[in-house]
Amino acid sequence: MRLKKLNSKDLIGLLEVLFAEYNLIAPFKVEQGRLNRVLYRFIRQDTEIPAIYLKELPETTPKNFILPRDERLDFNGLEQADRSDETRTRLFFGVRSCDLAAIELFDDVFLDEDYLDPFYESRRKSNIFIGYSNQILPPNNFQKELGIDYFDHQLAPAFLYEDLEARGRDHYYLKIKAGFEFPGAVENYLEELKTGENDQLEALLSDWEAKFAQESEFEIKSKLPFSEKIAFNQVDWQEPTASCLGCGVCTYYCPTCFCFDFFWDRSTKNRAWDSCMFSVFTEHASGHNPREEQHQRWRQRLLHKFSYHPQNYGGKPGCVGCGRCIYKCPVNLDIRKVIKAVDNSLIEGGAGQ
Amino acid sequence: MKRDDYIPAEAEIIEIIQETGSNLNIKTFHLKLTGDKPIFDFKPGQFLMLTVHGVGEAPFGLASSPSNRDKIVISVKETGRVTAALHELTVGDKVGLRGPYGNSFPVEEHKSNEMIFISGGIGLAPLRSAIDYVLDQDNRKDYGRVQMLQAFRSPEDMLYDYDQPRWEDADNTEIKYTIDKPCEDWDHCVGFPHNLIKDEIECLTEGAKYYVCGPPIMIKSVINELLELGIKPKDIITTLEMRMSCGLGKCGKCNIGHRYVCKDGPVFSYQELLDMPDEF
Amino acid sequence: MSNSYKEITEDLQEMIKLIYEEEDFDQLLAYSRGMYSGLIEPLIISRDSEIDFKRIEFTDKAYQMLSKYLLKNRELKQAVVAKPCDTRAIAFYVSENIIDRDNLIIIGINGCPGIEGNTACDECDTKNPVIADYYVGEPLPEEEFAKDKTDLKYLLSKDKQATRKTHYTKEFMRCTQCYACRDACPVCYCDHCFVESNQPVWLEEGSGPEEDMVFHLMRTMHMPGRCVNCGACEMACPEGIEMRSLTSHLYHQARKYFDYRPGLSPDQRSLFSDYNEEDPEPGFLQQEGD
């Protein structure tokens, strides 16, 4: 394991060197319409590098690149991509650990040996992630309740930590895992950087973790996964979800949501994001709809994330606690409120212990 | 390692049979894979995803027995956009085909038992795959007595009249037909299937297996009746339908609880249904 | 001077307490603060459930249109906290006969101080409720709020067609077809929306620039005579699209050409479905040669 200390200039230099070797994707703060948002963008020119914005959680995630909103299922294009060695590896810079856990979830689903998805595979094949964390807990984040470490993830061979209170000094730590080597030019650059003290980093991270623990009051007391039959039948689903409009914004911004549908554009088959929140998601041609009411659809969403997905994929939750669904929701419907209703109901029934 | 790229193989319609009259438009399509792909190998109870080019895709239960290898048979009721477009096609037209998907009827497990098939309307189509498998000359001796109760809305809505002579003549096999309301020139049963089971089907044999398929409400009432007659939940087998997109357990449309109807089903025993939330 | 958020919150808490004592109803719709997120969210609570009146709040972030939720449970008697734009929507529902006035207890907010980030509030012409049973806050005198704004920047009325086309295409290209705008809009309540129509297909699936523009144009064409200029569509959009450049544009066009604003009173006639002999374009009422 190597630990480097960087200041802002060093970081820009590192990004420039990475830009030369990889297809670099990083977060930027952009003005769009009436919003100022942080989004992942491809970097086209090195002059864009100083504008990279890491401080806040981006609204979009690597999901937009690996499982895009609309995708042509072009078998021929797939074969060509396989044979081309010129495709440079994509490097996602500054990815939070919750978003990395979401990519791991997608890998479980789409790289499953029971029907591997070749389109996902080709997009996922040459991707590298460099993680990021600082001492600001993203708003409404509850990843700790789902067992996701704030400061590391197995999918990231390197992790960047930014101490915002130490600006002006060497306030970045870059941890590169043992056994991982960047291409030559990057390694040469890294060699010139100062080495960091592991004890100092550990102390810093444990400070941050303690601070995060104070900020969040939300707790899940029952054991995950929630019991399917009991939660399905015993919880009052109407009350906590009454304000839901059924718009689907939560599922579109969720880094772990992957439900899709096919559509035809002349004779080309395409795949697009679909949402279990839409009213016609499960409507049969006969008009029969097993999930006619919004609260039934909410029941599906919640139990899929906290009961069905863990049952099918070795206990791993279908949610990473990133909090995006809460502040993107037009009515600020809090998924934690619904989780709490299930949690309380299971505990009262004695089933959660 | 199974890979699926969702791209359908090409198939040709080699025959179209108009099953019913004008009120419930049901047609049976015989398909044959073009190209040099291997024969379509499937088990009774599985389904395929059929693509009508430029329009869409829908799941259809396979209605033929796998022992009949030179064609793939599906029966289609005109309900929505894809089925309406499918009904407009003619012999020689090309469609897309993906599959087979899903689990299958436990016909191997159920050998040496009596088999009873209860169907409502087009629910007979997926059961036909199991019926023809059981009645196939190579397999018939492996099973006991076969009884069928086929329910339809009216004589006009009956399916597979060309199979009837073959089935009625089969070894140790009895078929009862029933329609909803009395009708001229009809001398078989009248009434809903769940009301007729007691009198028309002999349910006394231990270990007999009951295969039920039809509209959701018919399945529920038939199962209730069978339970009252003392049949065990594990001996009642049904096959469900749901709206599907991928057909292989990923797109999130057809799940009931953590089970996907396309992957863990569409065939479920009532024992399994008891364990599943009521969401279908 | 419009009322402060603090005053309105306190007034609302008192008023709702009073209504609980004096009135008989099934469900309350108000604003409250989320217990974990701290964000303002709609409070939809049945009268029998326990309620902590102190949780009811009104702040500059209370942009959700509570009037829309009235349509979910029309048979129930509902008490609703209504911003003036909400009351416009409610008056519109009553005038269209889709909700029974007797089933409503409307708590109108006088002198609404506006919602942060909502461009509709800058040009709001309805600062006091048009229909209500109870009122909180002091009404704002009419001279103090903007009424006639037709030179608004987003209308792009001075720009050439090519400029307008580029602007609209750029804005609406970001659309991911989530339909939050449609779901948040108080006057979008068709039982069977054209978007979900399968036979025939009005809107192709997928989110390309063509489909995005088609969706928004088709939705906007339903707006004149219905849009109450509340800005909920723009506030709901997760991509920050300048939605009102289409929808509110038609609000102002309806005003300009027909001197019509919907939702001003519960007895108001509708713009396109009502007619009388004095209409400037009598249409089918007149025979050829008359």
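The values are calculated or read from the model by the stated rules, or taken from the named source; none is laboratory data. Only a predicted model underlies this, so the values are computations on that prediction, with no experimental measurement involved. Cβ: placed from backbone, ideal geometry, glycine included. Neighbour counts: every protein chain shown.
Structure notes:
- Exactly one residue out of B:Asn113, B:Asn103 is assigned to a loop (DSSP other than H, G, I, E, B), touching a residue at least 12 places away in the same chain (Cβ under 8 Å), within 14 Å of chain A (Cβ to nearest Cβ) and over 27 Å from B:Gly191 (Cα atoms): that is B:Asn103.
- Filtered residue count, the range A:109-142, keeping only those that are out of contact with any helix residue (DSSP H, G or I) (no Cβ under 9 Å at 6 or more places or on another chain) and in contact (Cβ under 8 Å) with a residue 60 or more places away in the chain: 1
- Selection of first residues in the range A:307-321 that are under 18 Å from A:Thr251 (Cβ atoms) and of second residues that are in a helix (DSSP H, G or I) and basic (Lys, Arg), restricted to Cβ pairs under 8 Å at least 6 apart or on distinct chains, gives the following pairs, ordered by first then second residue: A:Pro317/A:Lys305; A:Gly318/A:Lys305; A:Cys319/A:Lys305; A:Gly321/A:Lys144.
- Qualifying residue in the range B:243-257 (condition: under 17 Å from A:His288 (Cβ atoms), away from chain A (no Cβ under 12 Å) and at pLDDT 90 or above): no
- Of all the criteria given as (1) on the phi > 0 side of the Ramachandran plot; (2) surrounded by 20 or more Cβ atoms within 10 Å (Cβ to Cβ); (3) touching a helix residue (DSSP H, G or I) at 6+ places or on another chain (Cβ under 9 Å), the one not satisfied by B:Gly54 is (2).
- Just one of the listed residues (B:Leu89, B:Leu97) is modelled with pLDDT of 90 or more, touching a Pro at 6+ places or on another chain (Cβ under 8 Å) and over 20 Å from B:Asp235 (Cβ atoms), and it is B:Leu97.
- Residues that are surrounded by 15 or more Cβ atoms within 10 Å (Cβ to Cβ) and out of contact with any strand residue (DSSP E or B) (no Cβ under 9 Å at 6 or more places or on another chain) occur at least once in the range B:82-101.
- When residues of the range A:252-301 are limited to those that are in a loop (DSSP other than H, G, I, E, B) and hydroxyl-bearing (Ser, Thr, Tyr), the one farthest from the other protein chains (Cβ to nearest Cβ): A:Thr256
- Considering only residues in the range B:103-120 that are of a type outside the set (Lys, Arg) and touching a helix residue (DSSP H, G or I) at 6+ places or on another chain (Cβ under 7 Å), the one that is nearest to B:Leu248 (Cα to Cα) turns out to be B:Phe105.
- Single residue of B:Gly45, B:Gly56 found to be within 30 Å of B:Asp138 (Cα to Cα) and touching a Phe, Trp or Tyr at 6+ places or on another chain (Cβ under 8 Å): B:Gly45
- Scanning the range A:4-53 for residues that are more than 25 Å from the chain's Cα centre (by Cα), β-branched (Val, Ile, Thr) and under 24 Å from A:Lys175 (Cα atoms) yields a single hit, A:Val17.
- Filter pass, A:Lys340 being touching a residue at least 60 places away in the same chain (Cβ under 8 Å), on the phi < 0 side of the Ramachandran plot, in a loop (DSSP other than H, G, I, E, B) and among the basic types (Lys, Arg): no
- Selected residue [more than 9 Å from every other protein chain (Cβ to nearest Cβ), at pLDDT 90 or above and buried (at least 17 other Cβ atoms within 10 Å of the Cβ)] from C:Gln78, C:Gln64: C:Gln78
- Residues that are of a type in the set (Phe, Trp, Tyr) and within 21 Å of B:Tyr210 (Cβ to Cβ), drawn from the range B:160-196: B:Tyr160, B:Trp167, B:Tyr177, B:Phe192
The rows are residues; the columns are (1) over 23 Å from B:Gln18 (Cβ atoms); (2) without any contact (Cβ under 8 Å) to a residue 40 or more places away in the chain.
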site: B:Pro126; (1), (2): no, no
site: B:Ser129; (1), (2): no, no
site: B:Asp132; (1), (2): no, no
site: B:Gln137; (1), (2): yes, yes
site: B:Asp142; (1), (2): yes, yes
site: B:Leu149; (1), (2): yes, no
site: B:Arg153; (1), (2): no, no
site: B:Glu156; (1), (2): no, no
site: B:Tyr177; (1), (2): no, yes
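- The conditions of being under 19 Å from C:Val136 (Cβ atoms), modelled with pLDDT of 95 or more and away from chain A (no Cβ under 14 Å) are met by C:Ile90.
- Looking across the range A:116-137 at every residue that is part of a loop (DSSP other than H, G, I, E, B) and surrounded by 20 or more Cβ atoms within 10 Å (Cβ to Cβ), the one that is nearest to the other protein chains (Cβ to nearest Cβ) is identified as A:Asp117.
- Enumeration of residues in the range A:261-290 that are surrounded by fewer than 18 Cβ atoms within 10 Å (Cβ to Cβ) and either touching a helix residue (DSSP H, G or I) at 6+ places or on another chain (Cβ under 6 Å) or not assigned by TED's automatic domain parsing to the domain that holds A:Gly246 (or both): A:Val280
- Taking the criterion of being surrounded by 23 or more Cβ atoms within 10 Å (Cβ to Cβ) and either within 14 Å of chain B (Cβ to nearest Cβ) or outside any loop (DSSP other than H, G, I, E, B) (or both), the residues of the range A:326-337 that qualify are A:Ile326, A:Ile335, A:Arg336.
- Residue that is surrounded by 14 or more Cβ atoms within 10 Å (Cβ to Cβ), in contact (Cβ under 8 Å) with a residue 60 or more places away in the chain and farther than 13 Å from C:Phe172 by Cβ, where the choices are C:Arg261, C:Arg269, C:Arg244: C:Arg261
- Filtered residues of the range C:83-112 (kept if more than 24 Å from C:Ser273 (Cα to Cα) and within 11 Å of the chain's Cα centre (by Cα)): C:Lys83, C:Pro84
- Screening A:Pro317 on (1) surrounded by fewer than 23 Cβ atoms within 10 Å (Cβ to Cβ); (2) in a loop (DSSP other than H, G, I, E, B); (3) more than 12 Å from chain B (Cβ to nearest Cβ) shows it passes everything except condition (1).
- Condition met for C:Arg226 (outside any loop (DSSP other than H, G, I, E, B), in contact (Cβ under 8 Å) with a residue 12 or more places away in the chain and under 30 Å from C:Asp259 (Cα atoms)): no
- Total residues in the range A:228-251, condition crowded, with 23+ Cβ neighbours inside 10 Å, within 7 Å of another protein chain (Cβ to nearest Cβ) and either in contact with a His (Cβ under 8 Å, 6 or more places away or on another chain) or among the aliphatic types (A, V, I, L, M) (or both): 2
- Among the residues of the range B:59-81, those that are surrounded by fewer than 21 Cβ atoms within 10 Å (Cβ to Cβ) and either within 12 Å of chain A (Cβ to nearest Cβ) or closer than 17 Å to B:Met242 by Cβ (or both) comprise B:Lys77, B:Glu78, B:Thr79, B:Gly80, B:Arg81.
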